[in-house]
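Working notes, beginning with the structure itself.
Just so it is clear, none of the values below were taken in a lab; they were calculated from the coordinates. Nothing here was measured: the structure is a model prediction, and the numbers come from that model. Please note: Cβ atoms are built from the backbone with ideal geometry, for glycine as well, and neighbour counts cover all protein chains shown.
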Amino acid sequence: MLEAREGYRIDDKKVTELLQNLVDSSFLVKDGDIYKPSDPLITRAF
């Protein structure tokens with residue numbers, strides 16, 4: 001889905017890096033293998 005939207009291939013390493021940046025910035029939390037917004041307001045904003 002992200003690749004189709006951006007129009008080019010995004011490798012797994014880059015996706016992992018981007019997700020980790022979002023976790024480090026407290027936008028996402030990791031729950032097992034699933035990433036979730038850290039706050040309900042973030043869900044509504046995006």
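In debye, nearest 20, what is the charge dipole magnitude of the chain about its Cα centre with +1 on Lys and Arg Cβ and -1 on Asp and Glu Cβ, if you could check? Write out the running numbers ahead of the final one.
Numbers: 7 positive and 9 negative charges, 28 e Å.
Roughly 140 debye, rounded to the nearest 20.
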Revision key, fill the gap. Computed over the chain: longest principal axis from alpha-carbon atoms vs helix 12-24 long axis, angle to nearest 10 degrees, is 20 degrees
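Show me the ranking of peptides 19-29, 33-43 by mean Cβ neighbours inside 10 Å, starting with the highest.
Values: 19-29: 13.0, 33-43: 11.2.
Put in order of decreasing packing, that is 19-29, 33-43.
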